[in-house]
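Below you'll find the structure, written out as structure tokens, and then a few comments.
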Amino acid sequence: MRTTISLIFLTFLALVTAETHTWHYTCNWVDGVNPDGVQERRMIGFNGTWPLPTLRVKKGDRVNLYLTNGFDDRNTSLHFHGMFQKGSSQMDGPEMVTQCPIPPGETMLYNFTVDDQVGSYWYHSHTSGQYGDGMRGVFIIDEPSEDDYPYDYDEEVVLTLNEHYHEESDDLMPKFLSRFNPTGAELIPQNILFNETRNATWKVEPNKTYLLRIINMGRFLSHYVWMEDHDMTIVEVDGIYVEKNTTDLIYITVAQRYTVLVTTKNSTDKNYAFMHRLDPDMLDTQPADLQLNGTNTIMYNEDLGEAESYDLTQDEIDSYFDDFYLVPLSKEKLYDDADYTVTVQVQMDNLGDGINYAFFNNITYTKPRVPTLLTVLSAGDDASNELVYGSNTNSFVLQKDDVVDIVVNNLDTGKHPFHLHGHVFQLIERHEAIEDGEGDPVAYNSSDHADWPEYPMMRDTVYLRPQSYMVLRFKADNPGVWFFHCHIEWHLDQGLAIQFIEDPSGIQNNETQQITDNHKEICEKVGVPWKGNAAGNDVHLLDLTGENVQYKRLPTGFTARGIVALVFSCVAGFAGLAAIAVYGMQDIPDVEERVARDLDVDLDEADDSGAEIVRQTSSTEGSSTHKHLG
Ligand code: CU1
Ligand code: CU1
Ligand code: CU1
Ligand code: CU1
């Protein structure tokens, strides 16, 4: 009886202490920003300011964020990375997955309850390229009271990591997704950032314990993080408390968070270096002027100036802390054997337009004409039929409360940080890398696998090693539509995504999951239908005529290398042609057309087929009436 009364009392307490946070933000370009101190450019800010504010709430609080699209030429969206969005899948953010893109001048209210989550998170635009251009910020969920933390600390510090390009995504993306970049080489940043700047200073006091929230808000590169003569004790990753692990080197991929305790020295006679280094293995080429390291100062004594940069040996770098061995403080056990296994193969390859795409099982994610969540809500009983979500969205329907395994086999030689929306997963197996040239890719074998941990590590973003595999396990206990994708923005733009439609009837039957009037209005303004199947057909739901599909494949035998050879032989040919042309005063044919002709590609078709959707420009995908926004 006493338990019941105190439980009621506690619930009552939680209700009275829960707060509603109302924020009004207009996103738009902020001119003349110079994050790396090398070159000014414009960045995407909120209410005329960049960087974006750190948003802070407590567990159980309610968020009301009004996002107004202040751009005049592009759509936008907002995702709270790591939020489960229980009963509010519509507020998750990825455009054409859970919502219609927000067109210029419109305001979308993101309102949701921060359920049972605490820790370090972030928020970012889920519209191609925008968070790389600056639309990203920190989101922190505190415990209701200080006593609720499973660790002690004196002061909290937030540290964000990033890479920085001098060019805007609008200029980068067409160079990347181009038939002139047939190997899909990711574009290389000019710098890496530490708290959105370089050469930062962290003023500390002696004999204190700091709680440091490290968040990689980058679009591409992992960072190594270390401190001269100071250890880091990991206490939380991606919002999951973990048993303490002390290390001197962390490896953090884009979108991951590490919350660590750092205890300062008891004297102030030296300042120390706080280093980070991008992972050079992720670069296709290494420009001579690219600085791999960033040097910052742990400042005990201002009179002593900045700390000296210093490097680690390759052996030291290779001994970074492996997050596979983290144990959740909750001691959540390995879930039961999977009821359903989704096995996907990662591959990069060219399609008939000569562009290099990313594939899960030969499908490059191609945006549907109706956001998938809105298809669920309007498809009635057909919502449990994967067909309605289209043949090119890589959609998987999950049964309520099933245990689901995602087996990811990597045929590619790159590392990929994969992220699941709406959940944390258990990482139950991850094979070592098979580096390029060291052998064939290894695939997961269910009848001959490693021993799985009793308490697997849990988080929402995890890296997959080159030509290797991993197995993730989660419970389908959160009805909604959840994107699973590589968080490297280049690869998402290449289509490296699948989506889970979790418990469709559970979505349909929940009052809080119904489309809001505000959302409907946004769809109408942007010209995207809010009902119907992936092709926008709301009468015949199994008729997908007119759906967006990927570009058709190259004839077999074409390889990226072959395309490079072709392109360059064409270019060389044109140089010769040009000379003749100038000499003969003839017209010089357009290089692109010639290359396309040699590749047997129809350029007109490439421009108005689904290929445009795959490119995920910030235009109004799925809409033919608003193409001018692109
Ligand atoms: Cu996310
Ligand atoms: Cu994210
Ligand atoms: Cu990737
Ligand atoms: Cu995402």
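The values are calculated or read from the model by the stated rules, or taken from the named source; none is laboratory data. Quick caveat: nothing in here was measured; it's all calculated off a predicted structure. Positions of Cβ are generated from backbone atoms using ideal geometry, with glycine treated the same way; all protein chains shown enter the neighbour counts. SASA here: full protein model, heavy atoms, side chains in, ligands and nucleic acids out. Shrake-Rupley method; radii C 1.70, N 1.55, O 1.52, S 1.80 Å.
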Exercise. Pull up segment 143-171, narrow it to residues that are part of a strand (DSSP E or B) and within 23 Å of the chain's Cα centre (by Cα), then point me to the one that is nearest to ASP61 (Cα to Cα).
Key: VAL158
Quiz item: Is it the case that segment 386-398 has a residue that's under 23 Å from the mean Cα position of the chain (by Cα), buried (at least 21 other Cβ atoms within 10 Å of the Cβ) and part of a helix (DSSP H, G or I)?
Solution: yes
Quiz item: Among the residues of segment 88-98, is any more than 18 Å from GLY527 (Cα to Cα), surrounded by fewer than 22 Cβ atoms within 10 Å (Cβ to Cβ) and in contact with a strand residue (DSSP E or B) (Cβ under 8 Å, 6 or more places away or on another chain)?
Solution: yes
Practice problem: Scan segment 523-532 and give yes if some residue there is more than 16 Å from ligand 4 (Cβ to nearest atom), crowded, with 23+ Cβ neighbours inside 10 Å and under 29 Å from LEU334 (Cβ atoms), otherwise no. | Solution: no
Quiz item: Looking only at segment 393-425, which residues are away from ligand 3 (no atom under 16 Å from the Cβ) and over 19 Å from ILE507 (Cβ atoms)?
Solution: VAL403, ASP405, VAL407, VAL424, PHE425
Exercise. Report, ordered by the first and then the second residue, all pairs with beta carbons closer than 7 Å, sequence separation of six or more or different chains, a first member in segment 458-483 that is over 29 Å from SER384 (Cβ atoms), and a second member that is open to solvent by 10 Å² or more (accessible area, probe 1.4 Å) and within 14 Å of ligand 1 (Cβ to nearest atom).
Key: ARG459/VAL424
Quiz item: In segment 416-442, how many are in a loop (DSSP other than H, G, I, E, B) and touching a residue at least 60 places away in the same chain (Cβ under 8 Å)?
Solution: 4
Exercise. Kindly establish whether ARG459 is within 16 Å of ligand 2 (Cβ to nearest atom) and more than 21 Å from SER395 (Cα to Cα).
Key: yes
Quiz item: What residue, of ALA476, ALA443, ALA433, ALA497, is modelled with pLDDT of 95 or more, among the hydrophobic types (A, V, I, L, M, F, W, C), within 14 Å of ligand 4 (Cβ to nearest atom) and not assigned by TED's automatic domain parsing to the domain that holds SER169?
Solution: ALA497
Quiz prompt | Count - residues of segment 346-375 that are part of a helix (DSSP H, G or I) and either open to solvent by 20 Å² or more (accessible area, probe 1.4 Å) or farther than 14 Å from PHE483 by Cβ (or both) | solution = 2
Practice problem: State yes or no: is PRO466 away from ligand 4 (no atom under 16 Å from the Cβ), open to solvent by less than 10 Å² (accessible area, probe 1.4 Å) and under 21 Å from ALA185 (Cα atoms)? | Solution: yes
Quiz item: Can you find a residue in segment 493-505 that is open to solvent by 10 Å² or more (accessible area, probe 1.4 Å), more than 26 Å from the chain's Cα centre (by Cα) and either more than 22 Å from ASP318 (Cα to Cα) or of a type outside the set (A, V, I, L, M, F, W, C) (or both)?
Solution: yes
Quiz item: For segment 62-89, what are the residues that are in contact (Cβ under 8 Å) with a residue 60 or more places away in the chain and more than 15 Å from ligand 4 (Cβ to nearest atom)?
Solution: ASP73, ARG74, ASN75, LYS86, GLY87, SER88
Quiz item: In this structure, does ALA450 turn out to be at pLDDT below 95 and away from ligand 3 (no atom under 16 Å from the Cβ)?
Solution: yes
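This table checks each residue for (1) open to solvent by 20 Å² or more (accessible area, probe 1.4 Å); (2) within 24 Å of the chain's Cα centre (by Cα); (3) of a type outside the set (S, T, N, Q).
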{"residue": "TYR210", "(1), (2), (3)": "no, no, yes"}
{"residue": "MET232", "(1), (2), (3)": "no, no, yes"}
{"residue": "VAL235", "(1), (2), (3)": "no, yes, yes"}
{"residue": "ASN245", "(1), (2), (3)": "yes, no, no"}
{"residue": "ILE250", "(1), (2), (3)": "no, yes, yes"}
{"residue": "GLN256", "(1), (2), (3)": "no, yes, no"}
Quiz item: For segment 312-345, how many residues meet the condition of being in a helix (DSSP H, G or I), open to solvent by 10 Å² or more (accessible area, probe 1.4 Å) and not hydrophobic (A, V, I, L, M, F, W, C)?
Solution: 5
